[in-house]
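Below is one structure, written out as structure tokens; the observations come after it.
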């Protein structure tokens, strides 16, 4: 139960930060990507701030044996670049650039009860389930 409460608090803090920084507004993301038009550099500052906080947390994690709120650190073990990683990043980037949504702001925008974020999250879930299903099938040789 404690882990669930910490996860909830972390998610709420993340969502609050997205809202406070304006990153839940798809037009802000689209303007960041529009370098030849109405360019808005604020997303770069938000990402820089997130990288700074993450760098501090990562450095701290390297000096401690175990995390405060978990049994062990869950760090990625896979480091190779494969077609799945490249295609997933490309699909994510295309969708992010076209719609201005990624999963975090999309979920945070569910609170608005507007149709666009509802459709985004619905298609995101369907796509994730379809991908899981397709990847669970044995490869055709």
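The values are calculated or read from the model by the stated rules, or taken from the named source; none is laboratory data. On a predicted model such as this, the values are computed, not experimentally measured, just so you know. Virtual Cβ from ideal backbone geometry, glycine too; neighbours counted across all protein chains shown.
See the values below:
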quantity: Residue within segment 45-61 that is surrounded by 12 or more Cβ atoms within 10 Å (Cβ to Cβ) and touching a residue at least 60 places away in the same chain (Cβ under 8 Å) present; calculated: no
quantity: Among the candidates 123, 131, residue that is surrounded by 12 or more Cβ atoms within 10 Å (Cβ to Cβ), assigned to a helix (DSSP H, G or I) and at pLDDT below 85; calculated: 131
quantity: Hey, residue 24 under 26 Å from residue 129 (Cβ atoms), in contact (Cβ under 8 Å) with a residue 40 or more places away in the chain and part of a loop (DSSP other than H, G, I, E, B) or not; calculated: yes
quantity: Residues located in segment 1-21, provided they are touching a helix residue (DSSP H, G or I) at 6+ places or on another chain (Cβ under 8 Å), within 13 Å of residue 107 (Cα to Cα) and free of Cβ contacts under 8 Å to residues at least 60 places away in the same chain; calculated: none
quantity: Residue count for segment 99-119, restricted to those that are more than 13 Å from residue 24 (Cα to Cα) and either surrounded by 14 or more Cβ atoms within 10 Å (Cβ to Cβ) or at pLDDT below 85 (or both); calculated: 1
